[in-house]
Amino acid sequence: MEHTYRLEDTLENLQRILQSQFEMQADAAKFFVCLLVKDQKQNAEEEDLQTELWYLEKHDRYTTPIFESRFSISFTELKKNMAELLFQQFGTLIDDKEMINFSTILNCFLAVYRSGTIIQKRECCVYYQALNWKKMHASQEYFCVEEILPKNGENVCEHLDYIRDKKWECNLCSKENCHANLENFSIILNGLCERNVFKKYNSMYRFVI
């Protein structure tokens with residue numbers, strides 16, 4: 001039987017608790033605190049913004065009162081593991097000081113977190129390409145498969161480091177060459193639609209946010 005953990009403290013101290021008591025890395029713990037607070041806020045657009053500002057703040061001292069306010073978060077071990085995996089797989093996309101991009105990507109992660117699904121290693125390239133498209137087109141809702149296919153004039157895989165480090169798996173990569181096509185990407189996108197990660201309308205897709 002899985003336990004539910006309930007913690008209450010300031011954002012900074014919640015991060016420290018996750019690091020010390022739950023053995024999370026500093027960056028992943030900070031991401032998890034931000035994700036949980038955003039998930040558990042009911043009607044707090046301004047407070048969510050302040051929480052996101054806290055995440056993007058790189059200094060140890062804060063001047064905004066919200067950073068010293070107390071927050072209550074609740075999570076399970078499964079949710080913690082999900083957040084750590086999300087951060088490990090796609091953390092590079094949220095290391096960005098532009099608030100609009102960060103908020104967009106965080107909302108996409110929040111949808112995955114709430115759905116209770118795991119982005120499998122073989123799905124990472126497709127999901128990453130869609131996230132990167134959303135990051136670059138925050139005001140747009142739907143995309144087509146052609147827009148997220150990896151595009152490289154030399155046909156070399158753009159994500160070799162992730163595959164070599166075994167964070168991702170890809171049977172479309174052979175001898176460093178990318179063989180991704182519309183059919184392959186569509187199959188994975190449709191599977192993610194069944195798990196409520198994306199919504200499909202005709203031949204277009206959008207994130208569930």
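The values are calculated or read from the model by the stated rules, or taken from the named source; none is laboratory data. Keep in mind that this is a model prediction, so the values were computed, not measured. Positions of Cβ are backbone-derived with ideal geometry, glycine not excepted, and every protein chain shown enters the neighbour counts. Calculation scope for accessible area: heavy atoms of the full protein, side chains included, ligands and nucleic acids excluded. Shrake-Rupley method; radii C 1.70, N 1.55, O 1.52, S 1.80 Å.
Brief remarks follow.
- 1.4 Å probe accessible area per residue over region 119-209, in Å²: 59
- Neighbour-limited loop hits for trypsin sites (Lys or Arg not before Pro), region 88-192 (at most 11 other Cβ within 10 Å; DSSP other than H, G, I, E, B): LYS97, LYS166, LYS175
- Cα convex hull volume per residue for the chain (Å³): 140
- Net charge over other residues, Cβ less than 15 angstrom from the Cβ of TYR142 (K, R count +1; D, E count -1): +1
- Near the amide H of VAL208, within less than 5 Å, lie the amide hydrogens of PHE198, LYS199, all on another chain or at least 5 residues away, with H placed in the peptide plane.
- A cysteine counts as unpartnered when no other cysteine's C-beta lies under 4.7 Å of its own; in the chain this applies to CYS34, CYS108, CYS124, CYS125, CYS144, CYS193.
- Between the helical axis of 26-40 and the longest alpha-carbon principal axis of the chain there is an angle of about 80 degrees.
- Other residues lying with their Cβ under 12 Å from the Cβ of ASN190 contribute a combined charge of 0, Lys and Arg counting +1, Asp and Glu -1.
- Amide N of region 161-191 lying under 13 Å from the label point, which is placed 7 angstrom from the Cα of GLU154 along Cα→Cβ: 176-178
- GNM top mover of MET136, MET24, MET82 - the chain, alpha-carbon springs below 10 Å: MET136
- Within region 95-166, chymotrypsin sites (Phe, Trp or Tyr not before Pro) in DSSP loop having at most 10 other beta-carbon neighbours inside 10 Å: none
- Relative contact order (percent, whole number), region 119-209, Cα cutoff 8 Å, 6+ residue spacing: 32
- Euclidean distance between Cα centres, region 183-204 to region 152-172, Å: 21
- Principal-axis tilt of helix 124-136 within the chain, Cα atoms, nearest 10 degrees: 70
- Listed values for region 112-118 are Karplus-derived 3J(HN,Hα) couplings in whole Hz (6.51 cos²θ - 1.76 cosθ + 1.60, θ = phi - 60°), namely 5, 4, 5, 6, x, 9, 10, and x replaces Gly and Pro.
- Gain upon complete extension [SER72, GLU176; 0.36 nm per residue less C-alpha separation]: 32.8 nm
- Taking other residues whose beta carbon is less than 11 angstrom from the beta carbon of LYS79, and scoring Lys, Arg as +1 and Asp, Glu as -1, yields -2.
- Of all the options GLU154, GLU169, GLU57, the one that moves most in a Gaussian network model of the chain with Cα springs shorter than 10 angstrom is GLU154.
- Loop-located GluC sites (Glu not before Pro) in region 82-123, at most 12 other Cβ atoms within 10 Å (DSSP): GLU98
- Across the chain, Cα pairs under 8 Å and at least six residues apart give a relative contact order of 19 percent.
- Solvent-accessible area, 1.4 Å probe, carbon plus sulfur percent, for the chain: 44
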